[in-house]
Amino acid sequence: MEYAFYAEQIYRLKEGIGQARVLPAQEAATLGYEDGYTAQKPEGRLYVDGFDSETAARYHLEGLTDCRIMN
């Protein structure tokens with residue numbers, strides 16, 4: 001994997017909110033994620049970004065509007 005941690009963000013457009021979590025690289029790889037990955041899922045639009053540290057991933061997520069961090 002390119003990064004040690006990945007931020008997974010799912011936006012529910014109808015509700016106008018997002019949910020996010022930080023994943024270690026191994027879990028992200030299991031899900032088929034990589035930096036810049038996007039997909040349309042039944043629960044909403046999915047975005048994945050890679051980070052060198054968990055702290056950097058959490059800092060990124062904390063700056064998002066209407067997004068709840070799940071872990």
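The values are calculated or read from the model by the stated rules, or taken from the named source; none is laboratory data. Values in this document were obtained by computation on a predicted structure and should not be read as measured data. Here the Cβ positions follow ideal geometry from the backbone for every residue, glycine too, while neighbour counts run over all protein chains shown. The accessibility values were calculated without ligands, DNA or RNA, using every heavy atom of the protein model including side chains. Shrake-Rupley method; radii C 1.70, N 1.55, O 1.52, S 1.80 Å.
Residues with amide H under 5 Å of CYS67's amide H, sequence separation 5 or more or different chain, H placed in the peptide plane at 1.01 Å from N; which?
Those qualifying (amide H under 5 Å, at least 5 residues apart or on another chain) are GLY18.
Taking a ≥ b ≥ c as the square roots of the eigenvalues of the Cα gyration tensor of the chain, is the shape rounded (a/c under 1.5), prolate (a/b larger than b/c) or oblate?
Here the chain falls in the oblate category.
Evaluate the charge dipole of the chain about its Cα centre and quote only its size in Debye, nearest 20, assuming +1 on the Cβ of each Lys and Arg and -1 on the Cβ of each Asp and Glu.
360 debye
Projected onto the charge dipole of the chain (+1 at Lys/Arg Cβ, -1 at Asp/Glu Cβ, origin at the Cα centre), which of GLY63, TYR37, GLY16 gives the Cα projection farthest towards the positive end?
In the chain, that residue is GLY16.
On the accessible surface of the chain, probed at 1.4 Å, how many percent belong to carbon and sulfur atoms?
Heavy-atom surface of the chain belonging to carbon and sulfur, 1.4 Å probe: 48 percent.
Under 8 Å for C-alpha pairs, at least 6 residues apart: give me the relative contact order for the chain, rounded to a whole percent.
With pairs under 8 Å counted, the relative contact order is 41 percent.
Kindly report the accessible area of the chain per residue (heavy atoms of protein chains, probe 1.4 Å, no ligands, DNA or RNA), in Å².
64 Å²
Of the listed peptides 22-30, 58-66, 4-12, what is their order by residue-averaged count of other C-beta atoms within 10 Å, with the highest listed first?
Peptide ranking by packing, descending: 4-12, 22-30, 58-66.
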